[in-house]
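For reference, the structure is listed below as structure tokens.
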Amino acid sequence: MTDALVTERPNARTDAKMSFYGVHHLALNTDDMKMTVDFYVGVLGMQLVHAMKVPPGLGVGPGNRGNPPFEEVRHYFFDMGRDGLLAFFEMPKGAKEKGDRNALGAMQHVSLAVSPETQASIRARLDAHKVPYDGPLEVLPGVFSIYVFDPNDIRLEFSCQPKNGEGEPSIVPQVTQTKAEALHELRSLTRDETWLAGVTAGLKE
Ligand SMILES: [Fe+2]
């Protein structure tokens, strides 16, 4: 992708003083880092870019700022594209129960943007490794996804937008509704017209 395309891409449609640049890193949990590396690098073809252990003092005791409550756990990072990192912590075996992706505050799934050819390659790689998947399905207008569970039972989605060809997809414009379309649903949430006008102020008529 060229710099010109980067500068043409609008930043988040929000307050002009706020600059959101997408995901810096998404941190997930495993109890088997080797298995996780084998899947993300070996099956999916992602690049491992950083391997470390969390420095001592951050796991147990007052130094913990929300990290896993274990000392010096492995913390590895993969390049998930768009200059974003997919990270994993490795919990000690048996120390934590399996999560519920539908629990409040949990991550239900994550969708990675791919080109149509890359989605086809991922399907071929999953087939070769006998990893089952669902799809492709049109999950939003013009957005076609496959779904797969990683070996940690994390639900992954790989979404492509054929309209964008093999180039980097233009995701937010693809799904942005008109004001009327959004209000059709939002009026089931509240009838407060002042609130509705405020949250839809950035949408086109
Ligand atoms: Fe999704």
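Charge dipole (Cα centre; +1 on Lys/Arg Cβ, -1 on Asp/Glu Cβ; no other charges) of segment 127-167 amounts to roughly 60 debye. Placing unit charges on the Cβ atoms of the charged side chains and taking the dipole of the chain about its Cα centre, the candidate lying farthest along the positive direction among 66, 183, 85 is 66. Does anyone have the angle between helix 116-128 and the longest principal axis of the chain? Alpha-carbon axes, 0 to 90°, nearest 10? It works out to around 30 degrees. Using the rule -39500 (n - 2.57) for each DSSP H run of four or more residues, divided by the residues of the chain, the 222 nm mean residue ellipticity is -5500 deg cm²/dmol.
Sorted fewest first by neighbouring Cβ atoms within 10 angstrom, 147, 21 come out as 21, 147. From largest to smallest, the equivalent ellipsoid semi-axes obtained for the chain from the alpha-carbon gyration tensor read 33, 24, 18 Å.
Rounded to the nearest Hz, the phi-derived 3J(HN,Hα) couplings of segment 23-32 under the Karplus curve 6.51 cos²θ - 1.76 cosθ + 1.60 (θ = phi - 60°) are 7, 6, 8, 10, 9, 10, 10, 9, 10, 8, where x marks glycine and proline. The H on the amide N of residue 87, modeled in the peptide plane, is under 5 Å from the matching H of 26, 27, 28, 78, each at least 5 residues off or on a different chain. Determine the alpha carbon to alpha carbon distance for each of 98/163; 34/163; 53/98; 96/130; 163/204; 17/53 and list only those over 32 Å. The pairs that break the limit, which is 32 Å between Cα atoms, are 98/163; 34/163; 17/53. Ignoring aspartates and glutamates fewer than eight residues from residue 179 along the same chain, the ones with Cα atoms less than 14 angstrom from its Cα are 193, 205.
Calculate the FRET efficiency for residue 38 and residue 128 from the Cβ-Cβ distance with a Förster distance of 22 Å, rounded to the nearest 0.05. With R0 = 22 Å, the Cβ-Cβ based efficiency is 0.95.
Only the coordinates and a few stated rules stand behind these numbers; no lab work does. Bear in mind the structure is a predicted one, so any value in this text is a computation, not a measurement. For neighbour counting, all protein chains shown are included, and Cβ atoms are generated from backbone atoms with ideal geometry for every residue, glycine included.
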